[in-house]
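Have a look at this one before I ask anything.
Rule-based calculations on the coordinates, nothing more; no lab input. Quick caveat: nothing in here was measured; it's all calculated off a predicted structure. Please note: Cβ atoms are built from the backbone with ideal geometry, for glycine as well, and neighbour counts cover all protein chains shown.
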Amino acid sequence: MKTEIILLGHGSRRAEANQGLLVVAEKVSSLLGQPVTPAYMAHDRPSLPEAVAEKISEGAARIVIMPLFLFRGIHVTVDIHEELRELREQHPNVEVIYTKELGADDSIASLACDRIKEAVAG
């Protein structure tokens, strides 16, 4: 079963801000050893439905969607689920898996500490 991965970010009106998602997608792709497609909730393309449609056209039978969001705001708890419901209705033969957001994870706290130490040392 062909599995594809989509990394979903919010998106920004500033093109430079959207580059971060591309960089993270490349790094995740390298770590997993398989392609990772970036997609955006707003302000850039591809949108989540566009990215899903592209993966299905390439033969995906399973799509894993990872929201690159820190906390359980309105996008994570409502908006994305509405889009997923529509996508599942439109593509009933494709398994769509939605992962947890980044959340209050120890690795996020550790990264925050690193950034604070960098700022104090610099």
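Given the criteria farther than 23 Å from Ala104 by Cβ and touching a helix residue (DSSP H, G or I) at 6+ places or on another chain (Cβ under 9 Å), does Pro92 qualify?
Working: farther than 23 Å from Ala104 by Cβ: yes; touching a helix residue (DSSP H, G or I) at 6+ places or on another chain (Cβ under 9 Å): no.
No, not satisfied.
Could you tell me whether Gly103 is at positive phi and touching a residue at least 40 places away in the same chain (Cβ under 8 Å)?
So Gly103 fails the test.
Go through the stretch 54-94 and report how many residues are outside any loop (DSSP other than H, G, I, E, B) and crowded, with 16+ Cβ neighbours inside 10 Å.
Summing the residues that are outside any loop (DSSP other than H, G, I, E, B) and crowded, with 16+ Cβ neighbours inside 10 Å in the stretch 54-94 gives 13.
State which residue pairs qualify: first residue over 24 Å from Ile56 (Cα atoms) and inside the stretch 1-18, second residue β-branched (Val, Ile, Thr) and part of a loop (DSSP other than H, G, I, E, B) in any location, beta carbons under 8 Å apart, and separation of 6 or more residues or different chains.
Hits for this filter: zero, empty list.
OK, next. Would you pick out the residues in the stretch 15-51 that are of a type in the set (A, V, I, L, M) and out of contact with any Pro (no Cβ under 7 Å at 6 or more places or on another chain)? Quick ask: steps written out before the conclusion?
Going residue by residue through the stretch 15-51, those that are of a type in the set (A, V, I, L, M) are 15, 17, 21-25, 28, 31-32, 36, 39, 41-42, 48, 51.
Passing the criteria: Ala15, Ala17, Val23, Val24, Val28, Leu31, Leu32, Val36, Met41, Ala42, Leu48, Ala51.
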